[in-house]
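Below is one structure, written out as structure tokens; comments come after it.
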Amino acid sequence: MKAISHHAALIYVMVVVSASDGNMSEGELRTIGHIVRTLPAFRGFDEHRLISVSQECASILQESDGLDAVLGLIKGAVPDELRETAYWLALEVALADTQVMIEEIRIVELLRRTLDIDRLTAAALERAAEARYRGA
């Protein structure tokens with residue numbers, strides 16, 4: 001399998017979380033689009049490629065061992081300085097529709113291990129993400 005850019009890897013992170021429960025919700029899709037348009041990690045990425053990159057990821061996920069392949073691509077393409085950002089993206093998408101499914105939790109944990117995020121850092125990022133979505 002060919003290598004992917006760090007932009008594509010970050011999109012794969014978001015797609016794999018969104019698709020994990022079998023339903024890519026409107027809230028998740030809006031969140032992904034907003035992140036790609038506004039996050040500095042996507043500077044230089046042509047946002048018009050978002051759909052095609054997302055479809056590439058979805059296509060790989062449909063193959064046997066597709067999840068392992070996607071995780072391998074992510075691991076190989078996310079530079080050290082963006083590992084925590086990638087984990088945060090996974091959390092953002094999981095929380096986007098305010099109903100976190102068990103499948104999303106499982107994928108987020110797989111991503112934490114794939115990205116080699118220690119538990120203390122993960123807990124801090126999780127707490128911050130939860131605070132962001134907490135209602136009054």
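Computed from the coordinates by the stated procedures, all read-outs in this text should not be read as laboratory data. Keep in mind that what you see is a predicted model, and the values were worked out from it rather than measured. Counting neighbours? That spans all protein chains shown, and the Cβs are built from the backbone with ideal geometry, glycine included.
Comparing Ser25, Ser52, Ser64 in a Gaussian network model of the chain (Cα springs below 10 Å), the most mobile by mean-square fluctuation is Ser64.
Hey, of [x] 18.5, 77; [y] 13.7, 46; [z] 14.4, 47, which did the structure itself give for Rg and Dmax of the Cα atoms in Å when calculated? Only one listed value fits the structure, namely [y].
Structural descriptor for the chain: relative contact order 35 percent, calculated from alpha carbon pairs under 8 angstrom and at least 6 residues apart. For region 37-93, GluC sites (Glu not before Pro) are listed when DSSP marks them as loop and at most 12 other Cβ atoms sit within 10 Å of their Cβ; the list is Glu63. The distance separating the Cα centre of region 107-136 from that of region 48-90 comes to 17 Å. Considering only Ala96, Ala58, Ala124, the Gaussian network model of the chain with Cα springs below 10 Å gives its largest mean-square fluctuation to Ala124.
Would you mind working out the magnitude of the charge dipole of the chain relative to its Cα centre, with +1 at each Lys and Arg C-beta and -1 at each Asp and Glu C-beta, to the nearest 20 Debye?
Using Cβ point charges on Lys, Arg, Asp and Glu, the chain gives about 320 debye.
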